[in-house]
Amino acid sequence: MFIGREKEIKILQEKMRNDQLEVGIVYGQRRIGKTSLINEAIKDYDHVYLLSRDTSVQDNLNDFSVTVAQYFNLPSFTRFHSLDELFDHLFKEIKEQAIVVIDELPFLAKAYPGIISYFQGLIDECNRNDRTIKLLLSGSDSSFMVDLLFNRAKPLYQRATFQLHVGPMIFSDAVKMLDGFNNEDKAKYLSIFGNRPYYLEKLRKEKSFEENIKDICFDNASIMIDAPNLTLPIGYSSNSSFVSIIRAISNRKHKIQDIADALQIDDKVLSTYLKRMQDAEAIEKRDVFNGNKKSVYYEIIDPFIRFYYAVIYPYLPEIEKGYKEEAFNSSKDRIEHIIEHGFEDVVNSYIHEENINHRLAIVYQDIKKYAADNSKLHRSIEIDGLSESFDHKHLLVVEAKFRDKDISLEILEHLQESSSIFEGYDTKTYYLISKKGFSDNIRQIQDEHVKLITLDQMMGS
């Protein structure tokens, strides 16, 4: 059963049912749910779906020929001599308003680079003749797809009519996928797997948390033992430099110098790799502050890949030999640590959805973690979530605790002291989210700018 993606489906369907030519660029990480989203959005419309594969031109032509022959009720032995001939026939005979989807376009372009220029000519011809076909071009190579949109030298520059970047599910949709689990286990799963349907759909409701994690992450028969090959950009899991960088980041080496020192690599060479990995959506760059000086650090975007290299990877030889229980038991402390820190991202995902749906008293900008190695308080500061309003008058401060201990008044006071370095705001509102609950002394506070949210409340039950 398809769950969520209501906003994305609405965008696609509005474009598909209007009376204009539409050329959409749909992109996002591998296994993020692009294909399922497209198929759900177009299922009730006249459409042709062509899936490109990382193989030869002839293999793709053969596969496409079968699909196009079936669409037009042509003899099953129908074959086209070239991709140009196939698409000429398809776009000549297809009805107005019909949808053509080319999924994993980068594979097709790799085998036949001329296909991009072909689509340029097609779009220009449709514009000249007021044809209202609908063309969706989708791909997991985000750098390639973004280049189509914004590189002036590329044939499709300014020819797309819309773009759709497909990211993780919103928090509430991810929670729906976990219906049937208790709230504590929901939080644990989201801390490890994030809001990503490809991972969440593999969980079995009849199994305990430990059973699911052992079966998915520590069983040598599990497909997720090969997670990097399945979810990272093509070629990353076989490139030793990329793997080394990802391993370093998963082991809490987040700054350029720390990564460079760990890998014994020149930081300028490292910067080139990091830029490529950012473009491919394997990692992201975040801000960190040291006193008044802003620097950056790097984080792996996919939370399960972080988990994989921090927890599973060190035990791969043992897992492959069948030591499932032993590898899991040896990893329990690491798993708890990952969950505790991953819960901060879960909470920020929840707050983000509340914010964009205007369920907070004030609308804030993007919510990010904050860290300062040195501050005017003469100590380091870490804040799980921080944002200011668009008019820069209000500050949002978030604290997330996934511990078997109530959040106390002392924790709030420490958070308030930490946020005191940010001056000049009319209001500061504190959101504290706790797995266990809250002590009596903090519950007695009567302050509209202190919000206490339990795990059950966050999960909607």
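A few notes on this one:
- Residue tally, condition closer than 30 Å to ILE305 by Cα, buried (at least 18 other Cβ atoms within 10 Å of the Cβ) and not small (Gly, Ala, Ser), over segment 50-80: 1
- Within segment 210-242, being of a type in the set (Val, Ile, Thr) and touching a Leu at 6+ places or on another chain (Cβ under 9 Å) holds for ILE216, ILE223, ILE225.
- For segment 92-104, the condition holds for no residue, the condition being that it is touching a helix residue (DSSP H, G or I) at 6+ places or on another chain (Cβ under 6 Å), part of a loop (DSSP other than H, G, I, E, B) and more than 27 Å from ASP179 (Cα to Cα).
- Residue check for ILE362: touching a Lys or Arg at 6+ places or on another chain (Cβ under 9 Å), surrounded by 13 or more Cβ atoms within 10 Å (Cβ to Cβ) and more than 21 Å from LYS401 (Cα to Cα): yes
- Qualifying position, being in contact with a Leu (Cβ under 8 Å, 6 or more places away or on another chain) and closer than 23 Å to ARG286 by Cα, among GLU423, GLU417, GLU388: GLU388
- Any hit, segment 346-353, residues being out of contact with any Phe, Trp or Tyr (no Cβ under 9 Å at 6 or more places or on another chain) and surrounded by fewer than 20 Cβ atoms within 10 Å (Cβ to Cβ): no
Let's see how each residue does on (1) charged (D, E, K, R); (2) at pLDDT 95 or above:
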position	(1), (2)
GLU382	yes, no
LEU395	no, yes
ASP426	yes, yes
GLN446	no, no
VAL450	no, yes
LEU455	no, yes
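- Of all residues in segment 237-292 being of a type in the set (Gly, Ala, Ser) and part of a loop (DSSP other than H, G, I, E, B), the one that is farthest from ASN151 (Cα to Cα): GLY291
- Residue in segment 249-256 that is surrounded by 19 or more Cβ atoms within 10 Å (Cβ to Cβ), hydrophobic (A, V, I, L, M, F, W, C) and in contact (Cβ under 8 Å) with a residue 24 or more places away in the chain present: yes
- Residues in segment 184-210 that are small (Gly, Ala, Ser), surrounded by 17 or more Cβ atoms within 10 Å (Cβ to Cβ) and either more than 13 Å from PHE343 (Cβ to Cβ) or in contact with a Gly (Cβ under 6 Å, 6 or more places away or on another chain) (or both): 1 in all.
- Flag if LEU83 is at pLDDT 95 or above and under 26 Å from GLU6 (Cα atoms): no
- Filtering segment 378-428 to residues that are over 21 Å from VAL347 (Cβ atoms) and touching a residue at least 40 places away in the same chain (Cβ under 8 Å) leaves SER420, ILE421.
- Pairs where the first residue, in segment 86-102, is at pLDDT below 95 and surrounded by fewer than 21 Cβ atoms within 10 Å (Cβ to Cβ) and the second is in a loop (DSSP other than H, G, I, E, B) and of a type in the set (Gly, Ala, Ser), C-beta under 9 Å, 6+ apart: none
The values are calculated or read from the model by the stated rules, or taken from the named source; none is laboratory data. Note that this is a predicted model, so its numbers are computed, not measured. Reconstructed Cβ throughout: ideal geometry from the backbone, glycine too, with neighbour counts over all protein chains shown.
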